[in-house]
Amino acid sequence: MEKICFDIKNCKVAFLDKNVLEIERLAIHQFDRIGIVGKNGAGKSTLLKLLAGELKPMNGEVQHHVELGYFAQIEGPNAGTADPKLIGTLGLDQNKQHLSGGEQTKVKLAQLFTHYYEALLIDEPTTHLDQDGIAFLQEQLMYYYGALVLISHDRALLDDLVTTIWEVEDGKVTVYPGNYTNYAALKQQENVQQAEAYEQYRKEKLRLEKAVQEKKEKARKITQDRAKVKEKPNRMFETKSKGTSEKAMQRSAKAIAQRIEQMTVEEAPKEHHHIQFRQSNVLEMQNKFPIIADQLTLTAGERVLLKDVRFQFPLGKVIAITGKNGSGKSTLLKHLLSKGEGFTISPKVVFGYYDQLAYQFPKDDTVFDFIANQSDYRESEIRAVLHAMNFTGNDIKKYVQQLSGGETIRLLLCQLFLGQYNVLVLDEPTNFLDVFCIEALEHFLHQYKGTVIVVSHDQRFIERVADEVYTIDDETLSFIQQ
């Protein structure tokens, strides 16, 4: 029997008045490979901190039986050493003073894999990684001999590495066998079954409620008929008979009402809003290629990123741009937005830009007002898009300056799709989104009528949304897929 590495018993974690996690029992065995999924704020990182011993539960206990390696999401590299071979494999310059986000992540991974641990707890390792970095991570974990617990929004990585999914929702952890694709299929099956069970429950409840009303109506009519009967000796039997029938109807109605109360209540499936983006006639373009580059050269200081490249981006398509960190993807987007030298851009182009860096709101609107003030969509349409990006209930009444970083990202993406633009430029839009919001973003892109240029390292995301894929390498922008 495989050794138990972690054992969680009767644990509860709460922040202020909100229960974040309530776990009766969970165990992790020696060679388990577990992927943790859930919406932003659901408690995924909290669960990993519990396992790592970084957080103590309010009650219950977490037992550790192995030496573990912990990769925290928001921390930089520690003061420890890393295997020089790993540093070299990752193409890192050990003498560099200031490391980018991607380089810091690579150093942390090199430090993690320098030593062997019987268990690895890893929280969102791909956020700043390019495709080479993700390939390195995948290879290291593919052949890792021990217990692996991984939080990731990269569905391709989850599919390749894990054999069990833990879903964190409403403070509970539900275990699903298989990888992310298996989990998604099981969730779809659950949703279909829930919808069928709810529909059956709803129909039966309506039928019984109707029967109650019919019995009550019959009892009321008998009462009215009795009132009309004159008090004559030859009417006594008839009156007594009707009185008996009235009580029978009342008893029957009460019995049916009790059946309704005893019914197992089936919850309605979560509502899926149909989202259809439209475009103002003013923003329509006829040019088949609104963005054309001819002999475009791009530099960063003395370094040449692109040299004499030619390309044209077609109208109404999603164009993905890939490449290593530092290859010039973000620089190319900014040169495009500034309508720099080498570009011929249709005069009707109106850019909407999502930057992966921090955003400052000019004034403190509510979430809903921030969108409504920049959009000509109806209230119901705005609410549907916000709901898809996990702004539910009172979330739309939050003030924008009080939003977390993840909430800000989701709001800005909603604003772009509902704004008055016809070309969206998105720089790493999936960073810091949970898998459910990434899937909502994919739906947005499928429904969007304008042109989209997106930089991303998320393989599954690109596969699902891109009509054309380009990569930057060796001072060239190469077309690699249609």
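The values are calculated or read from the model by the stated rules, or taken from the named source; none is laboratory data. Just so we're clear, the structure is a prediction, and the values are computed from it rather than from any experiment. Please note: Cβ atoms are built from the backbone with ideal geometry, for glycine as well, and neighbour counts cover all protein chains shown. Surface accessibility is based on the protein's heavy atoms, side chains included, excluding ligands, DNA and RNA. Shrake-Rupley method; radii C 1.70, N 1.55, O 1.52, S 1.80 Å.
Observations on the structure shown:
- Net charge in the neighbourhood of L305 (other residues with Cβ under 10 Å of its Cβ; Lys, Arg +1, Asp, Glu -1) is +2.
- Using alpha-carbon coordinates, inclination of helix 236-262 to the longest axis of the chain, degrees: 20 degrees
- Antiparallel content of DSSP bridges confined to region 377-482, in %, to 5: 50 percent
- Value of D in µm² per second that Stokes-Einstein yields for region 392-444, Kirkwood Rh from Cα pairs, at 4 °C (1.567 mPa s): 107 µm²/s
- For K210 and D294, the difference between the fully extended length at 0.36 nm per residue and the C-alpha to C-alpha distance is 23.0 nm.
- Where only alpha carbons of the chain are counted, the Rg and the Dmax (Å): 30.0, 117
- Stretch gain in nm, segment D93-R310, where the contour uses 0.36 nm per residue and the Cα spacing is subtracted: 74.9 nm
- Residue ranking by accessible heavy-atom surface, 1.4 Å probe, largest first, among Y399, Y377 comes out as Y399, Y377.
- Helix 131-142 and the longest principal axis of the C-alpha atoms of the chain enclose an angle of approximately 70°.
- Qualifying trypsin sites (Lys or Arg not before Pro) in region 409-482, DSSP loop, other Cβ atoms within 10 Å at most 15: K449
- With both labels modelled 7 Å from their Cα along Cα-to-Cβ, the H65 to Q374 distance reads 5.3 nm.
- Too-long pairs where the Cα-Cα distance tops 30 Å, listed order kept, from K270/K398; K3/K270; K216/K270; K3/K56; K3/K108: K3/K270; K216/K270
- DSSP-defined beta bridges in the chain - what % are antiparallel, rounded to 5: 50 percent
- Seen from a random direction on average, the alpha-carbon convex hull of region 330-373 projects onto 4.6 square nanometres.
- Q286/E341 FRET efficiency (R0 22 Å; Cβ-Cβ; nearest 0.05): 0.30
- Fraction of accessible area attributable to carbon and sulfur, the chain (%, probe 1.4 Å): 48 percent
- In the full protein context, the chain carries 54 Å² of accessible surface per residue, based on a 1.4 Å probe and ignoring ligands, DNA and RNA.
- For region 353-482: span of alpha carbons on each principal axis (Å, largest first): 47, 26, 25
- 0 to 90° range, to nearest 10: angle between helix 180-228 axis and the chain longest Cα axis: 20 degrees
- Largest to smallest principal axis extent of the C-alpha atoms in region 413-482, angstrom: 36, 26, 19
- √(5λ) per eigenvalue of the Cα gyration tensor, region 288-327, largest first, Å: 23, 14, 6
- Pair-distance distribution of region 1-126: all C-alpha pairs, bin width 5 Å, starting at 0; shares per bin in whole percent are 2, 9, 18, 19, 18, 13, 11, 6, 4, 1.
- The solvent-accessible area of K39, taken with every protein chain present and a 1.4 Å probe, is close to 80 Å².
- Antiparallel bridges, percent of DSSP beta bridges restricted to region 1-149 (to nearest 5): 60 percent
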